[in-house]
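Asker: My structure is below; once you've seen it, I'll send some questions.
The values are calculated or read from the model by the stated rules, or taken from the named source; none is laboratory data. Just so it is clear, the model here is predicted, and its values are computed rather than measured. Cβ placement follows ideal geometry from the backbone for every residue including glycine, while neighbour counts extend to all protein chains displayed. Side chains are part of the model used for accessible areas, which takes the heavy atoms of the whole protein and leaves out ligands, DNA and RNA. Shrake-Rupley method; radii C 1.70, N 1.55, O 1.52, S 1.80 Å.
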Amino acid sequence: MTSDHSPNEQQQIRQQLEHELQSIQFKGHDHVLHQTHPESLRSRIHALWNYEFDISLRPAGIAGALTAATFAAFLILFNDPSPSVQDPASSSSSSSQRQLIQIGGNTYWQDQYEQAVKQDES
């Protein structure tokens, strides 16, 4: 507004403008604030940390069961049933000739106990 209008005229123009713009509502406050004041990395991380989400138990249970079944199948299929490598002296004895011995209240296979004693002595 220029200074050549009287204060009364300015008041009338202002009232007319307010009346014409009364029905117009600005709804982009959030968008404008986001454009003019972008969030910092710290505030975005804080918002992510405080993010709430719901986990349905049925899909989570199914996923857990599938994982357990896959792990069990992996163990069954890829488990090596062959005996561990032993030295030739102890491998000459067959499993039918193995004897159990009791020492100190514990039970051991005799060949394994003798092998452990030999390793302990050396």
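Asker: Taking 7 Å along the Cα-to-C-beta vector as the label spot, tell me the SER40-PHE74 distance in nanometres, rounded to one decimal.
Answerer: Label-label distance for SER40 and PHE74, simple model: 4.3 nm.
Asker: For SER6 and VAL32, what does the FRET efficiency come to when R0 = 22 Å and r is the distance between their Cβ atoms, rounded to the nearest 0.05?
Answerer: 0.05
Asker: Using θ = phi - 60° and the Karplus curve 6.51 cos²θ - 1.76 cosθ + 1.60, what whole-Hz ³J(HN,Hα) does each residue of the range 44-49 get, with Gly and Pro shown as x?
Answerer: 5, 5, 4, 5, 5, 4
Asker: What figure in square angstrom, to the nearest 10, would you give for the accessible area of PHE74 with a 1.4 Å probe?
Answerer: Probe radius 1.4 Å; accessible area of PHE74 about 120 Å².
Asker: How many nm is it between the label spots at ILE13 and LEU66, if each spot is 7 Å from the Cα in line with the beta carbon?
Answerer: For the pair ILE13/LEU66, the computed spacing is 7.0 nm.
Asker: Could you check the spin-label model distance between SER23 and ARG98? Points 7 Å from the Cα along Cα→Cβ, value in nm.
Answerer: 9.4 nm
Asker: Tell me, what are the semi-axes, in whole angstrom and largest first, of the equivalent ellipsoid of the range 26-81 as set by the roots of 5 times the Cα gyration tensor eigenvalues?
Answerer: 48, 15, 9
Asker: Let me ask something else about it. So if I take the alpha carbon set of the range 1-52, get Rg, then get Rh from the Kirkwood formula, what is the Rg over Rh ratio?
Answerer: Radius of gyration over Kirkwood radius for the range 1-52 works out to 1.38.
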